[in-house]
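Below is one structure; the comments refer to it alone.
The values are calculated or read from the model by the stated rules, or taken from the named source; none is laboratory data. Model, not experiment: these values are computed from the prediction. Cβ placement follows ideal geometry from the backbone for every residue including glycine, while neighbour counts extend to all protein chains displayed.
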Amino acid sequence: MKPSPQKVMGIETSCDECSVSIVASEPHKVSVLSVATFSQIQLHQPYGGVVPEIASRNHLETMIPMLEEAITQAELAPHEIDAIAVTNRPGLVGSLLVGVSAAKAFAYALGKPLIPVHHLEGHAVSVFLDRDEEADPVLFPSILAIVSGGHTQLYQIQDYPRHWPEHSLEKALLGRSRDDAAGEAFDKTAKLMGFPYPGGQWIDQTARKAPPGAHQAFPLPRALPQSSTYDFSFSGLKTAVSLLVQKLKSENRLESELPALCASVQEAIVDALIRKLALAVKNTRARSVCFVGGVAANSRLRERLASDVGVPAYFPEMKYCTDNAAMIAAVGAYRLEQGRVLSMNDMLKLNAWATGALQS
Ligand code: KG4
Ligand code: ZN
C-alpha cells in the first residue's frame, strides 16, 4: 500500500505577514494543501515602512485565526499533522516570537516534532512548491537568486532541496548585496518619487506606462560592474534618484516624467541583477536560474531573464514570491524526511533571532 504523505504545518511571522500553511510531502513533490495569510501592509502604509511594535501586536491578534483557517482549508484534524515548522530567524524579533511561541505550543500539545527554519531557506525552496520533480524536472546545477525587501543573494545549487545536506546553502553563496537589498532599492526610490510602501509593484506598474525606450531616459549608476565579483550595491542608486527627483520637482516635471523615471530606475536595478546572474551562469556553467523572493514578481525582470541569461529561468507562482508559510512548511517537510527535527528538550529552548546563519 502506498504510504500516506507526511503533512507539515508551517508558520511565518518574520515581518508583516502572518501566515500559516499545511503541505503534503510525497516522494517527488511537496503539495500545498492550504495557505492562510494576513498581510499587514495597510497598517504600516501611513508610516512608510514596517513598524516593529505594530507588527508583533498584530501577529498576536491574527495568529490563532490563521491557524484555524489553514487547518480548515486543508480539511484535516490537528492530530493528522506530522510536524510543525516555524521561521525563527532572521526577522523582527518580536514578530518572530509570536510564531515561535504558537509553534511550540502546538507541537507540545500534540506531541509532534518542531523544526526551526531560516526565512531565506524558505524563499529558496519556494520555486519547488507544487512542482513534480519527475514530470517537470529543473535543470541542475542552477543559480539561485533570493531577491526580496531584505536580501539579495546568489547561490549555486546542485540538486533539489530534499537532497541538501546540512549547511549546504551556506556554503553555496556566490555573492550578496553589500548595502541595500534590491527590493529595498525599489521601496526607497519609490518613496522618493511619492509612492506608498512597498513601492516595487508601483514602480513596475508605472514603468509599463512609459513609451518604448524610456528605460534609458535617465542615466542612473550601475555599481560594481566588474566581473571579479558577484556582489551588488544599490545605495548609490538611491542618492542619484534623490537628486533627480529634486531636480524634476524644481522644474515642475516630476509628474509628467514619472513613467520614464520609473522605467529608468527599474532598468538600473534589473540590469545589475541580470548582469551578475549572467556572469554566474557563464562561470559556473549553470543550466538554469531559479529566481525567488518579492522582486521575482517584477515584470521587466521576468522579461530580461527570458531573453538575456541564455538558460531557462524558474520562478515560484506569484503568490509564493512574497512572504508565505507554504515555503516554510516545505523546508519542514524536507527536514522531516531527513529526520532533522528538534528533540523535546531543544524544542522547549527554541528562541527567535533577529539575525542568524543559514543552516540547510
Ligand atoms: O519577499 P518579500 O515579500 O519580503 C521580504 O522578505 O523582504 O519581498 C518584498 C519586496 C518589497 O521590497 C517589494 O517592493 C518587492 O518585494 N516587490 C517588487 C514587486 N513586487 C514586490 N519589486 C519589484 N517589482 C514588483 N512587481
Ligand atoms: Zn521574505
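Considering only residues of the stretch 195-225 that are of a type in the set (Gly, Ala, Ser) and free of Cβ contacts under 8 Å to residues at least 24 places away in the same chain, which is nearest to residue 239 (Cα to Cα)? Out of the qualifying residues, it is 199. Give the number of residues within the stretch 324-344 that are among the aliphatic types (A, V, I, L, M), modelled with pLDDT under 95 and assigned to a helix (DSSP H, G or I). Summing the residues that are among the aliphatic types (A, V, I, L, M), modelled with pLDDT under 95 and assigned to a helix (DSSP H, G or I) in the stretch 324-344 gives 1. Whether any residue in the stretch 317-328 is touching a residue at least 40 places away in the same chain (Cβ under 8 Å), of a type in the set (Ser, Thr, Tyr) and more than 16 Å from ligand 2 (Cβ to nearest atom) is what I want to check. No; the residues of the stretch 317-328 include none that is touching a residue at least 40 places away in the same chain (Cβ under 8 Å), of a type in the set (Ser, Thr, Tyr) and more than 16 Å from ligand 2 (Cβ to nearest atom). Here is the figure for the stretch 129-147: residues that are touching a strand residue (DSSP E or B) at 6+ places or on another chain (Cβ under 8 Å) and away from ligand 1 (no atom under 16 Å from the Cβ) total 10. When the residues of the stretch 1-46 are filtered to those that are hydroxyl-bearing (Ser, Thr, Tyr) and away from ligand 1 (no atom under 13 Å from the Cβ), the one that is modelled with the lowest pLDDT is 4.
Looking across 157, 146, one residue alone is modelled with pLDDT of 95 or more, away from ligand 2 (no atom under 16 Å from the Cβ) and of a type outside the set (S, T, N, Q). It is 157. I need a count of the residues in the stretch 8-51 that are in contact (Cβ under 8 Å) with a residue 24 or more places away in the chain, part of a loop (DSSP other than H, G, I, E, B) and of a type in the set (A, V, I, L, M, F, W, C). Residues meeting the conditions: 2. Filtering the stretch 308-335 to residues that are surrounded by fewer than 20 Cβ atoms within 10 Å (Cβ to Cβ) and either touching a Pro at 6+ places or on another chain (Cβ under 9 Å) or basic (Lys, Arg) (or both) leaves only 319. Remark: residue 186 matches the filter, which requires a residue to be under 25 Å from residue 305 (Cβ atoms) and within 16 Å of ligand 2 (Cβ to nearest atom).
Yes or no: residue 179 in contact (Cβ under 8 Å) with a residue 12 or more places away in the chain and either away from ligand 2 (no atom under 16 Å from the Cβ) or of a type in the set (Ser, Thr, Tyr) (or both)? So residue 179 passes the test. Of all residues being of a type in the set (Val, Ile, Thr) and more than 20 Å from the chain's Cα centre (by Cα) in the stretch 16-62, which is farthest from residue 130 (Cα to Cα)? Just the residue, please. Per the criteria, the residue is 54.
Considering only the stretch 83-125, how many residues are assigned to a helix (DSSP H, G or I), more than 16 Å from ligand 1 (Cβ to nearest atom) and surrounded by fewer than 24 Cβ atoms within 10 Å (Cβ to Cβ)? Within the stretch 83-125, residues that are assigned to a helix (DSSP H, G or I), more than 16 Å from ligand 1 (Cβ to nearest atom) and surrounded by fewer than 24 Cβ atoms within 10 Å (Cβ to Cβ) number 12. Mind listing just one residue for me: the one in the stretch 265-295 that is of a type in the set (S, T, N, Q), surrounded by fewer than 24 Cβ atoms within 10 Å (Cβ to Cβ) and assigned to a helix (DSSP H, G or I) and, of those, nearest to ligand 1 (Cβ to nearest atom)? In this case the residue turns out to be 284. Do you know which residues across the stretch 103-134 are more than 14 Å from ligand 2 (Cβ to nearest atom), among the small types (Gly, Ala, Ser) and touching a residue at least 24 places away in the same chain (Cβ under 8 Å)? Within the stretch 103-134, 103, 107 qualify.
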